[in-house]
Amino acid sequence: MSGGFAAGPLPIPFAQRYTGFLGRARLLLADDHPVLLAGLKKLLEDEFDVVGMAADGVQLIASAQELRPDAAIVDISMPRLNGIDAIRRIRKVAPHTRVLVLSVHSDSAYVKEALLAGARGYILKQSAAVELISGLHQVLRGRIYLTPPLRRDAPLGTRKLTLRQLEVLKLVAEGCQNKEIAAHLHISTKTVEFHKTRIMSELDIHTPAGLTRYAIRRGILVN
């Protein structure tokens, strides 16, 4: 195993032994970037059977329910339904599928939300080439795998924000106006305003420029 955090076997219903699988483990990949999906497939197909690929959260859930893969590699920022909400639904429609998040977001709040939703691993995309296969083996054995930098306790800040508030913060930092944010997240402009008020209050930051700087520092907005 390459450097990363691997806990002992988890006391969860689907934590069957990896050695109990018949043949190669079956994988489902989900990301809204076709080039990345193709790259992941090429990276993994020597050791695993890639049985499906999804471009958004809704397609991911449908594919998980139909294919019942052993594991799913899931991005967080996807159209129609974000990866965190998709993981929660996968736990219902395909409870034996282990989910490993592959994301650009390094903020501890994303990691926490992913694990609470049911993910068994979290790897940063920039580490995929050296960690993904090793981390996937750990997840398939019923263990948790985290990219090493994510194991460190992060300072308080976005820990206080909900996933929806993190989404709003990212869009504000990208320069989106309230109507654009509302359309992107399928919520009302009043709800956007409410979330922005809560975000500024929790972080004690009261300008869009300040939120942008904060989002870059915390890995929420990746240039």
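The values are calculated or read from the model by the stated rules, or taken from the named source; none is laboratory data. Values in this document were obtained by computation on a predicted structure and should not be read as measured data. Note that each Cβ is placed from the backbone with ideal geometry, even for glycine, and that neighbours are counted across all protein chains shown.
Computed quantities for the displayed model
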| item | result |
| --- | --- |
| The stretch 114-143, residues that are within 11 Å of the chain's Cα centre (by Cα), surrounded by fewer than 24 Cβ atoms within 10 Å (Cβ to Cβ) and charged (D, E, K, R) | Lys125 |
| Hits in the stretch 131-143 - residues which are under 17 Å from Ser106 (Cα atoms) and not small (Gly, Ala, Ser) | Glu131, Leu132 |
| Restricting the stretch 171-181 to residues that are in contact with a helix residue (DSSP H, G or I) (Cβ under 6 Å, 6 or more places away or on another chain) and in contact (Cβ under 8 Å) with a residue 24 or more places away in the chain, the residue that is surrounded by the most Cβ atoms within 10 Å (Cβ to Cβ) | Val172 |
| Verdict on Ala109 being in the same structural domain as Ile61 (by TED's automatic domain parsing), modelled with pLDDT of 90 or more and of a type in the set (A, V, I, L, M, F, W, C) | no |
| Qualifying residue in the stretch 34-56 (condition: touching a residue at least 12 places away in the same chain (Cβ under 8 Å) and within 23 Å of Thr162 (Cα to Cα)) | yes |
| Unmet criterion (only one of (1) modelled with pLDDT under 85; (2) in a helix (DSSP H, G or I)) for His137 | (1) |
| Selection status of Leu40, assigned to a helix (DSSP H, G or I), in the same structural domain as Gly142 (by TED's automatic domain parsing) and under 27 Å from Arg218 (Cβ atoms) | yes |
| Residues being under 23 Å from Gly57 (Cβ atoms), touching a helix residue (DSSP H, G or I) at 6+ places or on another chain (Cβ under 9 Å) and not in a helix (DSSP H, G or I) - total across the stretch 182-209 | 2 |
| Residue list for the stretch 85-111, filter: of a type in the set (D, E, K, R) and in contact with a Lys or Arg (Cβ under 7 Å, 6 or more places away or on another chain) | Arg98, Asp107 |
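One line per residue, one yes/no per condition, for (1) surrounded by 16 or more Cβ atoms within 10 Å (Cβ to Cβ); (2) modelled with pLDDT of 95 or more; (3) touching a helix residue (DSSP H, G or I) at 6+ places or on another chain (Cβ under 6 Å); (4) not aliphatic (A, V, I, L, M):
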position: Pro34; (1), (2), (3), (4): no, no, no, yes
position: Glu47; (1), (2), (3), (4): no, no, no, yes
position: Gln65; (1), (2), (3), (4): no, yes, yes, yes
position: Ile73; (1), (2), (3), (4): yes, yes, no, no
position: Pro79; (1), (2), (3), (4): no, no, no, yes
